[in-house]
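Working notes, structure below.
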Amino acid sequence: MKESKFMSPYVAGVGLGLTMLAAFMLMGRGLGASGAMMRFDVWLLNMFASTHTASNAYFAKYAANPLSNWLVFEIIGVMIGGFLSGALAGRLKFVIGKGPRISNRNRLYFALGGGIIMGMGARLARGCTSGLALTGGATLSLGGWVFMLCVFAGAYATAWFVRKQWI
Amino acid sequence: MGPFYKMGFFSEQTGFVIALLTGVAFGFWLERAGFGQSRKLALQFYFRDMTVLKVMFTAIVTAMIGLLYFSLFGWIDLSLIYINPTFLWAQIIGGLVLGIGFAIGGYCPGTSVVGAVTGRIDGMIFILGALLGMFVFGEIFPLIENLYTAGAMGNITLPEYFNISSGIIAFIILFAAVGMFVGGEWLEKKFGEEEA
Amino acid sequence: MQISAKTIGFSLLLLLGLILAFTPADTVQHKQIPIKTLLNELEQNSVYVPADELAHWIIDKEPGFNIADIRTKKDFNSYHIPGSVHFPFEQLDNIGKLDLFDKSKTLILVSNGNTKAGQAWILLKQMGFEDIFILAGGMNHWVKIFSNPEQPKGSYTDDELFTYQFRKAAGPAVMGRSLTITDSGNDMAKPKPVRRKRKKAIKKVDEGC
């Protein structure tokens, strides 16, 4: 099956916005992603070192029933939705996304490193692009907008140094 | 009148079902826009593909317009909506760090999940990294606790901070968004490598 | 035709924004509970948690509550209720630090007596904590009843004896000296925990992401 073209960003954006609006209307809250990862993290930790999670002031916030949370269910939905859309468009395949000038291995190192940095940034800011920039942006939260501008600033400032990876 | 959950129309369990459905829609639109592919996301930062900016701002203004009009019609009580609390310094630093991670890793947490389920190996590795990063954050939390709470301002919004009505703020944002869309199209024509 | 569709979309956005700019869509207000209501509430006993009940929760390891000790550092260091977090009164306006408390859990304020805790209660209530109580009598009362419980004299009811036995047994556990209560007299059975239904925590969704 041939890969179909991506949808117009404006149409997808309106769809995303309406999804978020529905979440506000139904639940009184927006979307999110990194919170679910944090909960998964704590759940893993709980299995190996539950006393440790309880004694750490930060993990303890999540320690009770880490997986019984709105965001966790939402992120399971994201997996289903993403898979469905990918299947419908014929975009399901094992590949490594990268530019032509970098080896697979290096790209994966970069992905790991970028993930670690992002994980810390998301926890420090109390949210990620979906939970803080999108949701906070729509609710006109001051922190959400400041965060969004800083994300773009940080990314544009770094882009030049990692250009070999993408272009 | 919404939000229905906070008005007590349904239980937490029903909320989880709604969470799942909301997530399905969220993931679907992300993938439709091409957000499962790290290169497409990252090219944003070289002005070659402005999809990220377009989708994000379209989504924000759609939800924002919806919220404000709904509140105008009396369909929703905005005071019950969760507003992300502002921790100015934590969010400035956190945003910069996250931006650096975005440019290096090519994903953000939500899109990496979409990338991983559509088979992007870098997306899976990225999630591993993010989990590791959050673990490290928790471990060093006692050291950076002061930074984590720096610049606490509560659930403050732009209209409250600037003391301008939400309508005017919304208009300014819409105006800026349209400006960015037009500018983005122009940049794509100039730097873009492929015909969209 | 692609361009014209976009132009229509953009114009529509601007138009919607322009309409918004002239409407009073300014409904983002935070609920402020009037001081008067809070003071009235404070007068009644419903905001106080009796020391015995709190001790039961601690011994039963009930989840779902936090204890904030608002006394001075010195007092806190000399002794405190096990599991309580030191949160000096002067720092109550530190929203950042408050963030460490899970708002969906019950918060119990502990001071030396009732007065200071009452002030803190009003402050936090206005900051949006809904499920928040005060330890009745504060630390003074706590220490008195658990370090040296008063033995009921003369004609006492079963209830009085029961309370006395519980206090004596719970003493070591809730005074923060030792966490075991096994050695607290073999003639006394550990009183069966009385589960009292607490005010149900207000449904609240937490962090955004």
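The values are calculated or read from the model by the stated rules, or taken from the named source; none is laboratory data. Computed from a predicted model, the values in this text were never measured in an experiment. Don't worry about glycine lacking a Cβ; one is built from the backbone with ideal geometry, like all the others, and counts go over all protein chains shown. Heads up: the accessible areas ignore ligands, DNA and RNA and are worked out on the full protein's heavy atoms, side chains in. Shrake-Rupley method; radii C 1.70, N 1.55, O 1.52, S 1.80 Å.
Whether any residue in the stretch A:63-71 is within 8 Å of chain B (Cβ to nearest Cβ), of a type outside the set (Ser, Thr, Tyr) and under 20 Å from the mean Cα position of the chain (by Cα) is what I want to check. Within the stretch A:63-71, one or more residues are within 8 Å of chain B (Cβ to nearest Cβ), of a type outside the set (Ser, Thr, Tyr) and under 20 Å from the mean Cα position of the chain (by Cα). Residues in the stretch B:1-51 that are open to solvent by 60 Å² or more (accessible area, probe 1.4 Å), of a type in the set (A, V, I, L, M) and at the interface with another protein chain (Cβ under 7 Å from one of its Cβ atoms): B:Leu21 alone. Considering each residue of the stretch B:135-149 in turn, none proves to be open to solvent by less than 40 Å² (accessible area, probe 1.4 Å), on the phi < 0 side of the Ramachandran plot, within 7 Å of another protein chain (Cβ to nearest Cβ) and under 19 Å from the mean Cα position of the chain (by Cα).
For the stretch A:101-128, how many residues meet the condition of being open to solvent by less than 10 Å² (accessible area, probe 1.4 Å) and within 14 Å of chain C (Cβ to nearest Cβ)?
Taking the stretch A:101-128 as the starting set, the residues that turn out to be open to solvent by less than 10 Å² (accessible area, probe 1.4 Å) are A:107, A:111, A:114-115, A:118-119, A:121-123, A:125, A:127-128.
If we keep only those that are within 14 Å of chain C (Cβ to nearest Cβ) too, we end up with A:118-119, A:121-123, A:125, A:127-128.
Selection size over the stretch A:101-128: 8.
Just to verify a result, which residue in the stretch A:11-27, among those that are surrounded by fewer than 22 Cβ atoms within 10 Å (Cβ to Cβ), facing chain B (nearest Cβ under 7 Å) and out of contact with any Gly (no Cβ under 6 Å at 6 or more places or on another chain), is farthest from B:Ala19 (Cα to Cα)? Top of the filtered list is A:Val14.
Restricting the stretch C:99-135 to residues that are in a loop (DSSP other than H, G, I, E, B), away from every other protein chain (no Cβ under 14 Å) and open to solvent by less than 30 Å² (accessible area, probe 1.4 Å), which is farthest from B:Thr149 (Cα to Cα)?
C:Gly113
Just one of the listed residues (A:Gly144, A:Gly81) is closer than 30 Å to A:Lys5 by Cβ, modelled with pLDDT of 90 or more and open to solvent by less than 20 Å² (accessible area, probe 1.4 Å), and it is A:Gly81.
Against the condition surrounded by fewer than 24 Cβ atoms within 10 Å (Cβ to Cβ), within 7 Å of another protein chain (Cβ to nearest Cβ), in contact (Cβ under 8 Å) with a residue 40 or more places away in the chain and among the β-branched types (Val, Ile, Thr), how does B:Ile92 come out, does it pass? Lay out the reasoning, then the answer.
On the way: surrounded by fewer than 24 Cβ atoms within 10 Å (Cβ to Cβ): yes; within 7 Å of another protein chain (Cβ to nearest Cβ): yes; in contact (Cβ under 8 Å) with a residue 40 or more places away in the chain: yes; among the β-branched types (Val, Ile, Thr): yes.
In short, yes.
A:Leu149 meets all of the listed conditions (1) surrounded by fewer than 23 Cβ atoms within 10 Å (Cβ to Cβ); (2) over 26 Å from A:Phe40 (Cβ atoms); (3) facing chain C (nearest Cβ under 10 Å) but one, namely (3). Of all residues in the stretch B:6-41, those that are within 22 Å of the chain's Cα centre (by Cα) and not aliphatic (A, V, I, L, M) total 17. Taking the criterion of being in contact (Cβ under 8 Å) with a residue 60 or more places away in the chain and open to solvent by 50 Å² or more (accessible area, probe 1.4 Å), the residues of the stretch C:76-91 that qualify are C:Tyr79, C:His80. Would you pick out the residues in the stretch A:61-78 that are over 20 Å from B:Gly110 (Cα atoms) and open to solvent by 40 Å² or more (accessible area, probe 1.4 Å)? Matches in the stretch A:61-78: A:Lys61, A:Ala64, A:Asn65.
Any residue in the stretch B:121-132 that is without any contact (Cβ under 8 Å) to a residue 40 or more places away in the chain and among the acidic types (Asp, Glu)?
Of all residues in the stretch B:121-132, those without any contact (Cβ under 8 Å) to a residue 40 or more places away in the chain come to B:121, B:124-125, B:127-132.
Then keep just the ones that are among the acidic types (Asp, Glu); that gives none.
No; the residues of the stretch B:121-132 include none that is without any contact (Cβ under 8 Å) to a residue 40 or more places away in the chain and among the acidic types (Asp, Glu).
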